[in-house]
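A.B. asks: Before we start, here is the structure in question, set down as structure tokens.
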Amino acid sequence: MLERDTAPIDDCWNRIGIRGDLSCPRLREFIHCRNCPVYAAAAKRLLDRHAPACDDTEATDDIHAQPIQAPARSGAGSAPPLSALVFRIGTEWLALPTAALAEVATMRAIHTLPRRSGAVTGVCNIRGRLLVCISLPTLLGLTSATQADPAATSKALPRLLILNSAPRAVVAPVDEVEAIHAYTPDALGPVPSTLGADRYSSAIARKGDRTIGVLDAERLLHAIHRSLA
């Protein structure tokens, strides 16, 4: 059994690097912290170790962070509804069961990692913690998805979904977050082959003319785990 790496990561980039007082002598050579081997080594440690699940209970001044809470269950004798967060990527509307989510946070800088490709796009600082950033469009095969009409989404704000992906929490940027909805079994239908994320969807839901792909949390989190290997 692997020994858990619990030693704190020295976030020197926040103290003396580009997000600090710029006093680091390495900046003259590497220009930016993301080009520095110290930053790369910290990112590698983050990727290699077993980080705790994202159940952060520390106080936060991020008033836009929204812990996920499932709606109340229906009355006794009926099947419990599926609680899922509805969000948008490009023109695709998707829903992910809230059991796989820890938090919705405001968008912030994503720092790229050297020699990494595929679904892993970099790392993101969430209240002092570096979390791996995943591209859901790449993971779900939505890289060719068309962009939504700017006029129709002018008030939409990008968000970060913080996912409870074992053994480490990860973040995933999305173009818009709508709300948490509770779907009864009879409100869900089979997945059509025309759905962009059909490989990772277990059902579809409808809201007016909108088709929402309900993601299979287990399949998605398994794919995320593979992408981190």
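A.B. asks: Rounded to the nearest percent, how much of the accessible area of region 95-139 (1.4 Å probe, protein heavy atoms only) is carbon and sulfur? Working shown, then result.
C.D. replies: Numbers: 840 of 1560 Å².
Taking all protein chains in place, region 95-139 shows 54 percent carbon and sulfur surface.
A.B. asks: What is the sum of charges, Lys and Arg at +1 and Asp and Glu at -1, for the other residues whose Cβ falls under 14 Å from the Cβ of L157?
C.D. replies: Details: positive: R88, R108, K155, R159; negative: D175, E176, E178.
Combined, the nearby Lys, Arg, Asp and Glu give +1.
A.B. asks: What FRET efficiency would be calculated for the residue pair I110, K207, taking the C-beta separation as r and a Förster radius of 35 Å, to the nearest 0.05? Show your work: numbers first, answer last.
C.D. replies: Values: r = 30 Å, r/R0 = 0.85.
Here the calculated transfer efficiency is 0.75.
The values are calculated or read from the model by the stated rules, or taken from the named source; none is laboratory data. The structure displayed is predicted, hence computed values, not measured ones. Using ideal geometry, Cβ is built from the backbone for each residue, glycine included, and neighbour counts are taken over all protein chains shown. Just so you know, the surface numbers come from the protein's heavy atoms only, side chains and all, with ligands and any DNA or RNA stripped out. Shrake-Rupley method; radii C 1.70, N 1.55, O 1.52, S 1.80 Å.
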